[in-house]
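First the structure, in the form of structure tokens, and then the observations on it.
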Amino acid sequence: MFQAVGTSYVGDAMPVAPYGPNTEPCFRFGAFMRPSSRIPDTFTLMLFAEFRLAQAGALSEEFIASSGFPFAAQSVPGSHKRTGFFYSSFTDGHVAPVHILANGTVFAPFAGDPDFRKRFAIRGTNWSNSVLPTSDPFIEEHLVGDP
């Protein structure tokens, strides 16, 4: 990705579309479009991360079990060609590596939750892709026009 567009970092790369691909609305539970007053833990919430981090999280055994998707768990290399090693910047401004392997490095705290959107929330040691479990975790996003 870096060679194609000059950067390998994206912000909140995985909107949740509970009504199917390319449908409205989508929901985000990360930093994207979220006022700082609605971020309870700026140290752990990722702001920008290597794009492959989202793929690695989606291919973790824990996420697959939580979401029910028919993926095969596998470890993914980051942009620096190290398997399971991704850099991320966090909403408090620090940068740190995030480790995600096929199993054992990700926690899916909302596995089996009746609100399917919450099953996309994953965490690891000192990082999270969501503000859950806050009382108002979702930012509604529309593909066209204002959010």
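Of (1) under 12 Å from the mean Cα position of the chain (by Cα); (2) outside any strand (DSSP E or B); (3) over 16 Å from Phe29 (Cα atoms), Gly104 satisfies all except one. Which?
(1)
Please enumerate the residues belonging to the range 60-101 that are outside any helix (DSSP H, G or I), within 14 Å of the chain's Cα centre (by Cα) and within 14 Å of Gly124 (Cβ to Cβ).
Initially, the range 60-101 is screened for residues outside any helix (DSSP H, G or I), giving 60, 68-101.
Applying the additional criterion that residues be within 14 Å of the chain's Cα centre (by Cα) yields 60, 86-91, 98-100.
Scanning the range 60-101 gives Ser60, Phe86, Tyr87, Ser88, Phe90, Val98, His99, Ile100.
All but one of (1) free of Cβ contacts under 8 Å to residues at least 60 places away in the same chain; (2) of a type in the set (D, E, K, R); (3) under 19 Å from Asp12 (Cβ atoms) hold for Glu140; state the number of the condition that does not hold.
Result: Glu140 passes all but (1).
Rundown of residues vs (1) at positive phi; (2) surrounded by 14 or more Cβ atoms within 10 Å (Cβ to Cβ); (3) hydrophobic (A, V, I, L, M, F, W, C); (4) at pLDDT below 95, yes/no style:
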residue	(1), (2), (3), (4)
Gly57	no, yes, no, yes
Phe90	no, yes, yes, no
Leu101	no, yes, yes, no
Asp113	no, yes, no, yes
His142	no, no, no, yes
Pro147	no, no, no, yes
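The values are calculated or read from the model by the stated rules, or taken from the named source; none is laboratory data. Everything numeric here is computed off the predicted structure, so don't read it as measured data. FYI the Cβ positions are ideal-geometry reconstructions off the backbone, even for glycines, and counts take in every protein chain you see.
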